[in-house]
Amino acid sequence: MPAFRTLDDVDLKGKRVLCRVDLNVPISHGKVTDATRIERIIPTLREILHKGGALIVLAHFDRPKGKVVPEMSLKPIAAELEKHLGSPVRFVFTDWQSAPDVDVKPGECVLMENTRYHAGEEKNDEGFSKLLASLGDIYVNDAFSAAHRAHSSTEGVAHLLPAYAGRAMEAELKALQLALETPKRPVIAIVGGAKVSTKLDLLGNLVKKVDALVIGGAMANTFLLAFGYSVGKSLAEHDLVDTARHIMQAAEDAKCAILLPVDGIVAREFKAGAPSHDYGVDAIPADGMILDVGPMSVDRIRSAIDDAHTLVWNGPLGAFEIEPFDQATVAAAKHAAARTKAGKLVSVAGGGDTVAALNHAGAAHDFTYISTAGGAFLEWLEGKPLPGVKALEVSK
């Protein structure tokens, strides 16, 4: 991974600092219901203020598509940001049709209105990028979760001002580098979820990067079909069986071992507490659905984790949202967390369902790093360049 500038490389005193963050948080009845993304950016904002910067916070919320949509205003988030920051945050409304008058002094913080109120934001419009750049002296990007988008506030403005990574961005990039760019081997990846079709690029990239790939969730059923097993009424993509075979061949060529379930927890209906039974993958009932990985498969996954020095995790092993089909995900997550806590494993995980599953298992706090980035994390796993990160690279 190329070098990038951080807050260690700049004197912030007296500078107007444009800081792009992710405040696209869930809101209900005007109140933030999950402040995780706000909590992640607080160290960067506090450091800028402590070092004498005049802080101008940029962010988007939802998809107003270039129009002023009152219910998509960032104004309700200003109070929550102020609470976590522990110092005043002044909200500045603008429709972004002209450069707003922003009077902010060193040690003060303002939150600007939704950058997507301007139609040029998502188009990475040069004019809008210049308008944003006119507000500051330096640019700090602390929104890795938006780094896969080449927008004015994530990429365009970074070419017009001296650009630096914030602390959350820096931590994310270092964790990703540790996981796949310069990992301690062996490296294992756990990939789950519903569909192979949504993770083709990810699987294609991972088989070239890791030593072993565990495939779980409903997507494993498509691979079982490729081996000639019947999966009953289980969710599977029958039209992607040949694709699964190609992925397995690519893994064999790259000397990457693929671990598929050898047994599954099967039920006749998909609901909490539904009667279920463990079946070998060669004996799945015709009227049954595989809703979780079975205990023998969990033992194999534990052993694979024991053999690894680095773990990358994306996607649950089963339908973890309802009991008892959460057991495999919980067991594997707790095992990985214990290995990490013991200093025997570097564990990096990300993706919406993954974070929820690891939190459900009570294991997230012991992982080396949990990414809340969603799409950006997935695109990084797929090996795709991220425009918001590339704009921060130090040119050689």
Let me spell it out: the conditions are (1) out of contact with any Phe, Trp or Tyr (no Cβ under 8 Å at 6 or more places or on another chain); (2) modelled with pLDDT under 95; (3) closer than 30 Å to residue 160 by Cβ, and residue 323 meets all of them except one. Which number is the exception?
(3)
Within the stretch 123-148, restricting to residues that are buried (at least 20 other Cβ atoms within 10 Å of the Cβ) and not hydrophobic (A, V, I, L, M, F, W, C), the one that is farthest from residue 48 (Cα to Cα) is 148
Check the stretch 88-106 and report whether any residue there is in contact (Cβ under 8 Å) with a residue 24 or more places away in the chain, at positive phi and surrounded by fewer than 20 Cβ atoms within 10 Å (Cβ to Cβ).
no
Listed residues 349, 304, 336; which is open to solvent by 10 Å² or more (accessible area, probe 1.4 Å) and small (Gly, Ala, Ser)?
304
Near pairs, Cβ below 9 angstrom, 6+ apart or cross-chain, from the stretch 14-28 (under 11 Å from residue 49 (Cα atoms) and open to solvent by less than 10 Å² (accessible area, probe 1.4 Å)) to any residue that is of a type in the set (D, E, K, R) and modelled with pLDDT of 95 or more:
17/137
Evaluation of residue 51 against (1) open to solvent by 70 Å² or more (accessible area, probe 1.4 Å); (2) within 24 Å of residue 172 (Cα to Cα); (3) out of contact with any Lys or Arg (no Cβ under 7 Å at 6 or more places or on another chain) (one fails), failing number
(3)
Restricting the stretch 312-327 to residues that are in contact (Cβ under 8 Å) with a residue 60 or more places away in the chain and farther than 22 Å from residue 202 by Cα, which is surrounded by the fewest Cβ atoms within 10 Å (Cβ to Cβ)?
327
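Look at residue 104 and say whether it is under 12 Å from residue 58 (Cβ atoms), of a type outside the set (D, E, K, R) and out of contact with any Ser or Thr (no Cβ under 8 Å at 6 or more places or on another chain). Break it down into steps so the answer makes sense when it comes.
On the way: under 12 Å from residue 58 (Cβ atoms): no; of a type outside the set (D, E, K, R): yes; out of contact with any Ser or Thr (no Cβ under 8 Å at 6 or more places or on another chain): yes.
Judged against the criteria, residue 104 is not a match.
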Based on this model, can you work out whether residue 10 counts as under 14 Å from residue 142 (Cβ atoms), touching a residue at least 24 places away in the same chain (Cβ under 8 Å) and buried (at least 20 other Cβ atoms within 10 Å of the Cβ)?
no
Would you mind stating whether residue 330 is surrounded by fewer than 24 Cβ atoms within 10 Å (Cβ to Cβ), among the hydrophobic types (A, V, I, L, M, F, W, C) and either farther than 18 Å from residue 215 by Cβ or under 24 Å from the mean Cα position of the chain (by Cα) (or both)?
yes
Given the criteria open to solvent by 30 Å² or more (accessible area, probe 1.4 Å) and without any contact (Cβ under 8 Å) to a residue 40 or more places away in the chain, does residue 276 qualify?
no
Quick check on my filter: what residues within the stretch 211-239 are more than 25 Å from residue 306 (Cα to Cα), β-branched (Val, Ile, Thr) and either outside any helix (DSSP H, G or I) or in contact with a strand residue (DSSP E or B) (Cβ under 8 Å, 6 or more places away or on another chain) (or both)?
231
Quick one: how many residues across the stretch 185-210 are among the small types (Gly, Ala, Ser) and either in contact with a strand residue (DSSP E or B) (Cβ under 8 Å, 6 or more places away or on another chain) or open to solvent by less than 10 Å² (accessible area, probe 1.4 Å) (or both)?
3
What is the number of the single condition among (1) of a type in the set (S, T, N, Q); (2) touching a strand residue (DSSP E or B) at 6+ places or on another chain (Cβ under 9 Å); (3) open to solvent by 10 Å² or more (accessible area, probe 1.4 Å) that residue 182 does not meet?
(2)
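The values are calculated or read from the model by the stated rules, or taken from the named source; none is laboratory data. All values derive from a computational prediction rather than experimental measurement. In this analysis, Cβ positions are derived from the backbone assuming ideal geometry, glycine residues included, and neighbour counts consider all displayed protein chains. In case anyone asks, the SASA skips ligands and DNA or RNA and just uses the protein heavy atoms, side chains included. Shrake-Rupley method; radii C 1.70, N 1.55, O 1.52, S 1.80 Å.
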